[in-house]
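Below: one structure, written as structure tokens.
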Amino acid sequence: MSGDRTTRSWASFPPHVISEIHRAADQGLYYIRGSGAWRAVPSFDDLVFLGASVSRYPLEGYRERCDTDVTIGARYASKPVELKIPITIAGMSFGALSANAKRALGLGASAMGTSTTTGDGGMTMEEREASQTLVYQVLPSRYGMDPDHLRIADAIEVVVGQGAKPGGGGMLLGQKVTERVAEMRTLPSGIDQRSACRHPDWTGPDDLTIKIQELREVTNWEKPVYVKVGATRTQYDVALAVKAGADAVVVDGMQGGTAATQEVFIEDVGIPTLPAVRLAVDALKELGVHREVQLIVSGGIRTGADVAKALALGADAVSIGMAALMALNCNAPLYLEDYEALGTHPGACNLCQTGRCPVGVTTQDPVLEARLDPEEGGRRVRNYLSTLTMECQTLARACGKSHVHNLEPEDLAALTVEAAAMARVPLAGTDWIPGRA
Amino acid sequence: MTVETIDLDAAGVRALNRRLQGRDGPVAGGHFIVTNAKGRHALAVGLTEAMDVRIRGHVGYYCAGMNREADVTVEGNAGTGVAENLMSGTVRVTGDTSQSAGASGRGGLLVIEGSASARCGITMKGIDIVVGGSIGHMSAFMAQAGRLVVCGDAGAYLGDSIYEAEIFVRGRVESLGADCVEKDMGERAADGLQTLLERAGVAADAREFRRYGSARQLYNFRVDNAAAY
Ligand SMILES: Cc1cc2nc3c(=O)[nH]c(=O)nc-3n(C[C@H](O)[C@H](O)[C@H](O)COP(=O)(O)O)c2cc1C
Ligand code: SF4
């Protein structure tokens, strides 16, 4: 019987903590892994929609329109990005991801009229070709940074931080630094590559303003410039990004995925996506630019309900990483023996850093990569994005909205006190928002 | 040879870059003089063709950033990130430069006739940088490829976490960063350095320099290196 004196579980030392202490004692270095925070944090799951009834009336599913389009970057860019759905694919590097995975994401996103994003390692021509709308990241490492790629991109994203590791730099372990990856990054192959946590030529908001000016000058003021931050002091960071001249701000909550980061960062740095959305919207409203400077939210978006809740709290669009990889069969029950060889099983895998991804998503090994057919992967990503969009529309119609952006905090109630406080919506069944008089 | 003069007080930065990027007419092989720089930022950036640009006066941040092919001379001092991410061509600064000169440059040549501040050549990826004077601390941090040549002295933590770039210093090095060590000069490196000095128009003897590069001890995570991380 569990719970008796000899078998009860230890709250301070659950099995994964004990095993980490054993690993640390063995290896003497921090643990590096992929994916996002695995511990439970207040999330969109803690919110529910108040569907219309007598006091408000709903729209007919499938008959009455519920639009989903979004324009990003009209603040300063002469060629803003027009997306058919408010769901984008987040920046994930070639190197972390296989070329087939990058291509599949591009094909799937393009089929749905949305964008994909490059990553820490530069742009590959395969992904440019597969992606109708491609956002080019400018990262601290500047690996593969090329002005020609800036010019052929549709938007530019200055990455200041990621939700998985605000304040931390990049990592790509040697097993994934193949010749092609190494060449793109101008590094020796096989090394454990660490990239910087700060940009080499700017620090602080005043410098960032000038950096953005330079990027715009190089690209003739055509392309939207996004600034991506990991969620920490979100209200200040968003305000400063706006002041620095961003067209759009990407806020990545602590649940956000990564290909390889120290676990202590993933689990213990940053705030969840839920409060981050609210803080970001506060900053935009305070500056009078909500909806003029678009807010793209990421970190733990999995379902159309998550999308709808993020939009209701004031986001203009969301971005997805891990869930898009899952659409490509990440953690699917295939090639079980290969999960086993990594010491894991489908549903529990977060071993992207090993480069031995059983389903060919986060690997540079040609045999493993061949398991992911880019065309079929593209179809799966399209289907997944389509499902999210339909779910989001269904919820919006149920709340009586003819555009998903018309969702609002008043359409939500919280199931926990924490979520009520963080999202600033009333605890279900009350009119109580913690912190409000 | 016709020379086109662009007065920044009249034209502004936007018009200058449009002109030099060839967006308002052909530029290849052209000669341009830019007056009244007055510390303005992002001057002559994103150029893609061979041309000669002389900027009269001091410039602000990111002058000549991300250029290909072009030869740009700044007759004065340059602010942060001069020639950042340079792809090819040359950039010459007759005065001193602020931080992060040549940051993440991937090719081409940056000549600084005066001295450079901190982080000169940070994350350089193939650019050659020749500094007539001295450089500040943390220079060539995480430098990946290319050569940083310093005729004067180098500040603290030179070449910290350096990858495959090479550093040559004629004067005193205050301290080397993690994983950066002195290496034999050798014939080939000396010959290459002499050619580079000549190309940069700097009268110096390659044999007076010392060569530094990566000990390659931090290329893989290991418990023995924990103190260096
Ligand atoms: C495999 C992988 C690689 C990533 N690479 C990058 C990157 O190169 N640059 C970046 O800004 N973010 C990177 N991220 C973070 C994503 O852009 C995004 O912020 C995050 O995945 C969103 O959270 P989600 O995974 O919960 O959807 C990566 C994420 C994953 C899963
Ligand atoms: S299945 Fe592949 S992509 Fe998914 S967590 Fe494991 S290694 Fe990473």
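Any read-out appearing in this document is the output of simple, stated calculations on the displayed coordinates, not a laboratory observation. Computed from a predicted structure; not experimentally measured. Using ideal geometry, Cβ is built from the backbone for each residue, glycine included, and neighbour counts are taken over all protein chains shown.
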(request) Please give the average number of partner chain Cβ atoms lying within 10 Å of the Cβ of each residue in B:81-90, rounded to a whole number. (result) 3
(request) Apply the Karplus parameterisation 6.51 cos²θ - 1.76 cosθ + 1.60, with θ equal to phi minus 60°, to every residue of the range B:125-140 and state each ³J(HN,Hα) to the nearest whole Hz, in sequence, with x for glycine and proline. (result) 10, x, 5, 9, 10, 10, 10, x, x, 10, 10, x, 6, 6, 6, 6
(message) Using amide H atoms built in the peptide plane, which far-off residues or other-chain residues are under 5 Å from B:LYS183 H to H?
(response) B:ARG211, B:TYR212, B:GLY213
(request) Could you work out the mean count of beta carbons from other protein chains within 10 Å of each residue's beta carbon in A:208-216? (result) 6
(message) With +1 on the Cβ of every Lys and Arg and -1 on the Cβ of every Asp and Glu, and nothing else charged, how large is the dipole of the range B:3-219 about its Cα centre, in debye rounded to the nearest 20?
(response) 420
(request) Read phi for every residue in the range A:31-39 and hand back ³J(HN,Hα) as whole Hz from Karplus 6.51 cos²θ - 1.76 cosθ + 1.60, θ = phi - 60°, with x for Gly and Pro. (result) 8, 10, 8, x, 6, x, 5, 9, 7
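If each residue of separation counts as 0.36 nm, what is the full-extension length gain between A:GLN27 and A:LEU336 once their alpha-carbon separation is subtracted?
Gain on stretching A:GLN27 to A:LEU336: 108.5 nm.
Nearest 500 deg cm²/dmol is fine: what mean residue ellipticity at 222 nm does chain A get from its DSSP H runs of n ≥ 4 alone, each adding -39,500 (n - 2.57), divided by its residue count?
Numbers: 15 runs with 147 residues, N = 437.
So the helix-based figure for chain A works out to -10000 deg cm²/dmol.
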(message) Of A:VAL135, A:GLY61, A:PRO374, which is farthest towards the positive pole of chain A's charge dipole, taken about the Cα centre with +1 and -1 on the beta-carbons of Lys, Arg and Asp, Glu respectively?
(response) A:GLY61
(message) Could you give each residue of the range A:201-211 its phi-based ³J(HN,Hα) in whole Hz, using Karplus coefficients 6.51, -1.76, 1.60 with θ = phi - 60°, and x for Gly or Pro?
(response) 10, 7, 9, x, x, 5, 5, 4, 4, 6, 4
(message) Projecting each Cα onto the charge dipole of chain B (Lys/Arg +1, Asp/Glu -1 at the beta carbon, about the Cα centre), which of B:ASN225, B:GLY25, B:THR94 comes out farthest on the positive side?
(response) B:GLY25
(request) May I ask you to order A:74-82, B:188-196 by the average number of other C-beta atoms within 10 Å around their residues, highest value first? (result) A:74-82, B:188-196
(message) What number does the protein assembly as shown give for Rg over Rh if you use C-alpha atoms and the Kirkwood radius?
(response) 1.00
(request) Using a cut-off of 14 Å between beta-carbons, work out the net charge of the residues near B:ASN77 (Lys and Arg +1, Asp and Glu -1, B:ASN77 not included). (result) +1
(request) Would you please put B:134-145, B:100-111 in order of how densely packed they are, using the mean number of other Cβ atoms within 10 angstrom per residue and starting with the highest? (result) B:100-111, B:134-145
(request) Return the average number of partner chain Cβ atoms within 10 angstrom of each residue Cβ along peptide A:136-143. (result) 3
(message) If the reach is capped at under 26 angstrom between alpha carbons, list the lysines near A:LYS84, excluding any in the same chain fewer than eight residues apart.
(response) A:LYS102, A:LYS223, A:LYS228, A:LYS285, A:LYS309, A:LYS401
(request) Check cross-link reach from B:LYS183 to the lysines: straight Cα distance under 22 Å, and skip same-chain residues fewer than eight apart. (result) B:LYS125
(message) Can you give me the C-alpha center-to-center distance between the range B:52-70 and the range B:91-110, rounded to a whole angstrom?
(response) 10
(request) Taking H placed 1.01 Å from N in the peptide plane, check which residues at least 5 places from B:VAL72 or on another chain put their amide H under 5 Å from its amide H. (result) B:VAL53, B:THR90, B:VAL91, B:ARG92
(request) Could you please state, rounded to a whole Å, how far the C-alpha centre of the range A:377-437 is from the C-alpha centre of the range A:165-203? (result) 37
(message) Eigenvalues of the Cα gyration tensor times 5, then square-rooted: what semi-axes does that give for the range A:31-423, in whole angstrom, largest first?
(response) 30, 25, 20
(request) Calculate how many DSSP beta bridges within the protein assembly as shown are antiparallel, expressed in % of all such bridges and rounded to the nearest 5. (result) 20
(message) Please report the net charge: other residues with Cβ closer than 11 Å to the Cβ of A:ILE191, K and R +1, D and E -1.
(response) +2
(request) Obtain the nm distance between the two label points defined at A:LEU415 and B:MET185 by a simple spin-label model: each point lies 7 Å from its Cα along the Cα-to-C-beta direction. (result) 7.3
(message) Using a 7 Å offset from the Cα along the Cα-to-Cβ direction at both A:ALA370 and A:GLN132, what is the distance between the two label points in nm, to one decimal?
(response) 3.3
(request) Pick out which of A:PRO358, A:PRO86, A:PRO333 has the largest mean-square fluctuation in a Gaussian network model of chain A, springs linking Cα atoms closer than 10 Å. (result) A:PRO333
(request) Place +1 on the Cβ of every Lys and Arg and -1 on the Cβ of every Asp and Glu in the protein assembly as shown, take the dipole about the Cα centre, and give the residue among A:PRO358, A:ASN383, B:GLY60 whose Cα lies farthest towards its positive end. (result) A:ASN383
(request) Can you tell me the dipole magnitude for the protein assembly as shown around its Cα centre, using point charges on the Cβ only (Lys, Arg +1; Asp, Glu -1), in Debye to the nearest 20? (result) 580
(request) Tally the DSSP beta bridges in the range A:31-423 and give the antiparallel ones as a percent, rounded to 5. (result) 25
(message) 5 Å is the cut-off here: which amide hydrogens, built 1.01 Å from N in the peptide plane, fall below it relative to B:ASP7, excluding neighbours closer than 5 in sequence?
(response) B:THR35
(request) Lys and Arg at +1, Asp and Glu at -1: add these up for the other residues within a Cβ distance under 9 Å of B:LYS125 and post the number. (result) +3
(request) Estimate the FRET efficiency between A:SER55 and A:LYS84 by the formula 1/(1 + (r/R0)^6), using the beta-carbon distance for r and 25 Å for R0, to the nearest 0.05. (result) 0.20
(request) Set the Förster radius R0 to 25 Å, insert the Cβ-Cβ distance between A:ASP148 and B:ASN220 as r into 1/(1 + (r/R0)^6), and round the FRET efficiency to 0.05. (result) 0.15
